[in-house]
Amino acid sequence: MSELRAQLQEWREAIAALVPSWLARRWSRWLAGALIVIGIVLPFFFAPASGFLNATIIALAYVVMALGLNVVVGFAGLLDLGYVAFYAFGAYAVGWFGSGFFFNAHIHVLSSALGTAPGIHLNFVLILLCAIGITSVAGTIIGLPTLRLRGDYIAIVTLAFGEIIGVVAVNGTSIHLGGGETLTAGNLGISALDLPYFPGIGNFTLLDLRPWYWLIFVIVLIVLFVNLRLRDSRIGRAWIALREDEIAAVSMGIPLVRTKLMAYAIGAAFGGMSGVFLGAYATTVNASQFAFSFSIFVLAMIIVGGLGSIWGAVLGALLLSYINYYLIPDVLNSLPRTFGLNFDLTQLSFGIFGFLLVLVMVLRPQGLFPERRRRLELTAEIAAEDAQLVEAGTPTAGAA
Amino acid sequence: MTTVAEELGGALEAPALMRVERVTKEFGGLVAVSDVSVDVPTRSIVSLIGPNGAGKTTLFNMLTGLYRPTSGRIVLGERDITRARPDVITGLGVARTFQNIRLFGAMSALENVMIGHHSRMRAGFAGSVLRTPRVRREEREVRERARELLDYVGVRHDAFDRLAVQLSYGDQRRVEIARALAAEPSLLLLDEPTAGMNPQESAALTGFMRRLRDELNLTILLIEHDMKVVMDVSERITVLDHGTKIAEGAPADVRASDRVIEAYLGKQD
């Protein structure tokens, strides 16, 4: 609690222009508390299986994704275009360890599955921990070949990695593990995944989405907390220093390899956590889910929000998710038909996103909720440019 | 008050903190540094001079691990650091500044200096997330130490929290020195610290370098173009031209060397 209060400084600054500082300072504390309380009670205002609650759950899962990618791209400045790989690893963790997919195995640990069911059935939390382990290793592996690269070249390598994982997922049916088992079920998908089960709470169902909501809400709070703590630590400073000037950073004693790999691993682990949740929530893992467009979607979230800004990532993820999963399909989908046009708005989703991105880049290139330091830096640069313009303009003005 | 001669005598008796032994660096076919040897005695101020493109900064980059020498050896104390990583070399006590200031633009002056402490801090992932009492204390101490250092190099308090890009040129130079000092080096490499300074500021920096040596027990290796500063502060000078060492010795000797005059002013016919 007290931590969140301290970290809500950016909110404070945003409202400081409107209200006296002493009031603003108290507000930020209240704001954090209020947001958490609102977050907890929110599901009670909607039907247990409403479309809005569904969209909110997905949006929160994307917040976790965005916070993870923000560590890699925003903090450490490593443009990762293959983030979908960690979604895939997370989702497959549920497929492997929370279903009857490995039918020769018979392992049950506190799961919702019947005790006689074949396969590996671990508790949701255990699957989450497995996924964190798998994705942080995968993140480190993808990080290794990019260590000697910079900027655009990192983007290309990570993009290829994401595509490789996607192709492996599709063709996993041909990778035999022995005993008739394969690595993935390809485009057929692994379905009938275990619904999360918590001792004392019971099984989750798809008729009542509220437990799902609270689960992802808790995950968001944990990931947010870790993000805020890391940003303001020795590690966060090292990431930002590497982003700003790699040569100077290593000359100041920052170990390049360890620091970069840490960013990859932590970012990947968050992606994996979100992947586990999204996989379990969809109750199926299908290879066709892991497309390149997913990576771009998450990247768009943190760019719209403001690269490197934690609250920007949260805001960008919520905004784009709601537009994509609620506003377009549920609210505005039939809009073209009311104008006598013969198509659904969902068919235009990518066009709408493209337009929104262009709009943000033109009107607010630093993002909706820019990182404090970036905002200041941008203003400082603009001020310097202005000064030059004024200097350059003086003789002309004098001549006129 | 000690004279330059006495300081020189003392410095020359001291064992070498860093020994550069016959170092060569080639980029493709271009030989940037060729067979250069330099001894840097403990608690001395040694200058590296030479015309533009003589290989001075290339040599610095090899001493700090940014470049690997094509051949030759670099020894710090008893340890061979020829192939060591830059962050390891910093950890062993070598810190530097850059010819074109390389501060972290989007970080405050204070944060820049705190980065300098990185190799002296322990906080890892778990400690940072849980913010254990030890990490909390470390963070507080480092912040306090960074403030002291900024104060020491003469940055005004109201500039501590400004972003590096917002600082004046002089303050940026000062913050960069503070950042290097934060790494707690025994050897400080300064790459043209007086670039862009007026004569008064250069004179002040000359005094400041002596203070660093005397108060913090530092050894300083300096690349400098301002001959007044060089002759004033150095106990020894090494002159490079086209990647090779053409002269070495006390300021008076170097000043009298024909080859040095030739390198700077051209050949007399």
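Which percentage, to the nearest 5, of the DSSP beta bridges contained in the protein assembly as shown is antiparallel? Please report the intermediate quantities before stating the final value.
Numbers: 29 of 49 bridges.
Just about 60 percent of them are antiparallel.
How do B:E148, A:E371 rank when sorted from fewest to most other Cβ atoms within 10 Å of their own Cβ? Don't jump to the answer; show the numbers that get you there.
Values: B:E148 14, A:E371 25.
Ranked by crowding around the Cβ, least crowded first: B:E148, A:E371.
Could you list the square roots of 5 times each eigenvalue of the Cα gyration tensor of the range A:45-97, that is, the equivalent ellipsoid semi-axes, sorted largest first and rounded to whole Å? Provide the component values of the computation, followed by the final result.
Values: eigenvalues 141, 58, 10 Å².
Its equivalent ellipsoid spans semi-axes of 27, 17, 7 Å.
Give the average, rounded to an integer, of partner chain Cβ atoms located within 10 angstrom of each Cβ in A:241-250. Before the final figure, lay out each step's value.
Numbers: counts 10, 2, 2, 9, 7, 1, 6, 11, 6, 9.
The shielding value for this peptide is 6.
Over chain A, what is the relative contact order in whole percent, taking alpha-carbon pairs under 8 Å and six or more residues apart? Spell out each step's value before the answer.
Values: 619 pairs, mean separation 99.5, N = 400.
For chain A, the relative contact order is 25 percent.
By how many degrees, 0 to 90 and rounded to 10, does the Cα axis of helix A:21-41 deviate from the longest principal axis of chain A?
20 degrees
Counting only helical runs of four or more DSSP H residues, what would the 222 nm mean residue ellipticity of the protein assembly as shown come to if each run contributes -39,500 (n - 2.57) and the total is spread over all its residues?
Values: 27 runs with 360 residues, N = 669.
Roughly -17000 deg cm²/dmol at 222 nm, from the helical runs in the protein assembly as shown.
Could you pull the Rg and Dmax for the range B:1-158, using just the Cα atoms, both in Å?
Values for the range B:1-158 (Cα only, Rg and Dmax): 19.1, 56 Å.
Taking +1 at the Cβ of each Lys and Arg and -1 at the Cβ of each Asp and Glu, which of A:F103, A:I296, A:S251 sits farthest along the dipole of chain A towards its positive end, judged by Cα position relative to the Cα centre?
Of A:F103, A:I296, A:S251, it is A:S251.
What are the lysines whose alpha-carbon lies under 22 Å from the alpha-carbon of B:K228, with same-chain residues fewer than 8 places away excluded?
Within the straight-line cut-off, B:K228 pairs with B:K56, B:K245.
For the range B:184-269, run through the trypsin sites (Lys or Arg not before Pro) and keep only the ones in DSSP coil with at most 10 other Cβ atoms within 10 Å of their Cβ. Each step should come with its number before you reach the end.
On the way: sites: B:R210, B:R211, B:R213, B:K228, B:R236, B:K245, B:R255, B:R259, B:K267; in loops: B:K267.
Filter output for the range B:184-269: B:K267.
Could you calculate, for the range A:49-302, the ratio of the Cα radius of gyration to the Kirkwood radius, expressed as Rg to Rh? Walk me through the numbers on the way to the answer.
Working: Rg = 18.5 Å, Rh = 18.6 Å.
Rg divided by Rh gives 0.99.
Let me know the whole percent of all Cα-Cα pairs from the range B:107-195 that are separated by more than 20 Å. All intermediate terms of the calculation are to be shown ahead of the outcome.
Values: 1432 of 3916 pairs.
When all Cα pairs of the range B:107-195 are counted, 37 percent exceed 20 Å.
Quick one: of the DSSP bridges fully inside chain A, what percent are antiparallel, nearest 5? Intermediate values should be presented prior to the final figure.
Values: 8 of 12 bridges.
So the antiparallel bridges amount to about 65 percent of the total.
Using the Cα atoms of the range A:80-181, I'd like the radius of gyration and the largest Cα-Cα distance, Dmax, both in angstrom.
For the range A:80-181, the Cα radius of gyration and maximum Cα-Cα distance read 16.1, 52 Å.
Tilt of helix A:349-363 relative to the longest C-alpha principal axis of chain A, in degrees (0 to 90, nearest 10)?
Long axis of A:349-363 versus the principal axis of chain A: about 20 degrees.
For A:L335 and A:Q9, what does the FRET efficiency come to when R0 = 41 Å and r is the distance between their Cβ atoms, rounded to the nearest 0.05?
On the way: r = 40 Å, r/R0 = 0.98.
Once rounded, the FRET efficiency stands at 0.55.
Most exposed first by the Cβ proxy, i.e. fewest other Cβ within 10 Å, how do B:K25, B:K56 rank? Could you put the intermediate results ahead of the total?
Details: B:K25 22, B:K56 27.
Going from least to most buried by this count: B:K25, B:K56.
When the distances between all Cα atoms of the range A:148-235 are binned every 5 Å from zero, what whole-number percent does each bin get?
3, 10, 10, 10, 10, 17, 19, 14, 6, 2
In Å and on Cα atoms, what radius of gyration and Dmax does the protein assembly as shown show?
Calculated on Cα positions, Rg and Dmax stand at 30.0, 101 Å.
Hey, got the Cα dimensions of the range A:286-339 along the principal axes, in Å, largest first?
41, 29, 14
To the nearest 10 degrees, how steep is helix A:210-231 against the longest Cα principal axis of chain A, on a 0 to 90 scale?
It is inclined by approximately 40 degrees.
Exposed loop sites here are trypsin sites (Lys or Arg not before Pro) in DSSP loop states with at most 13 other C-beta atoms within 10 Å. What is the longest stretch of chain A lacking them? Before the final figure, lay out the partial values.
Numbers: sites that count: A:R148, A:R150.
So the longest stretch without any such site is A:151-400.
Rounded to the nearest 0.05, what FRET efficiency is calculated for B:L265 and A:Q347 with R0 set to 51 Å and r the Cβ-Cβ distance?
So, using R0 = 51 Å, E works out to roughly 0.10.
In the Gaussian network model of chain A, springs joining C-alpha atoms below 10 Å, which of A:Q347, A:Q289, A:Q366 carries the largest mean-square fluctuation?
Highest fluctuation of the listed residues: A:Q347.
Among A:W311, A:W11, which comes first, second and so on when ranked by fewest other beta-carbon atoms within 10 Å?
Ranked by crowding around the Cβ, least crowded first: A:W11, A:W311.
Only sites in a loop by DSSP and with at most 15 other Cβ atoms within 10 Å count here; which trypsin sites (Lys or Arg not before Pro) in the range B:140-173 make the cut? Walk me through the numbers before you get to the answer.
Working: sites: B:R140, B:R143, B:R145, B:R147, B:R156, B:R162, B:R173; in loops: B:R156, B:R162.
Within the range B:140-173, the qualifying trypsin sites (Lys or Arg not before Pro) (loop, at most 15 other Cβ atoms within 10 Å) are B:R156.
Under a point spin-label approximation (7 Å from Cα along Cα-to-Cβ), what is the B:R79-A:L359 distance to one decimal in nm?
It works out to 5.7 nm between the two label points.
A short reminder: the numbers here are calculations on the coordinates, not readings from a lab. Note that the coordinates shown come from a computational prediction; the quantities given were computed from them, not determined experimentally. Methodologically, a virtual Cβ is constructed for each residue, glycine included, from the backbone with ideal geometry; neighbour enumeration extends over all protein chains shown.
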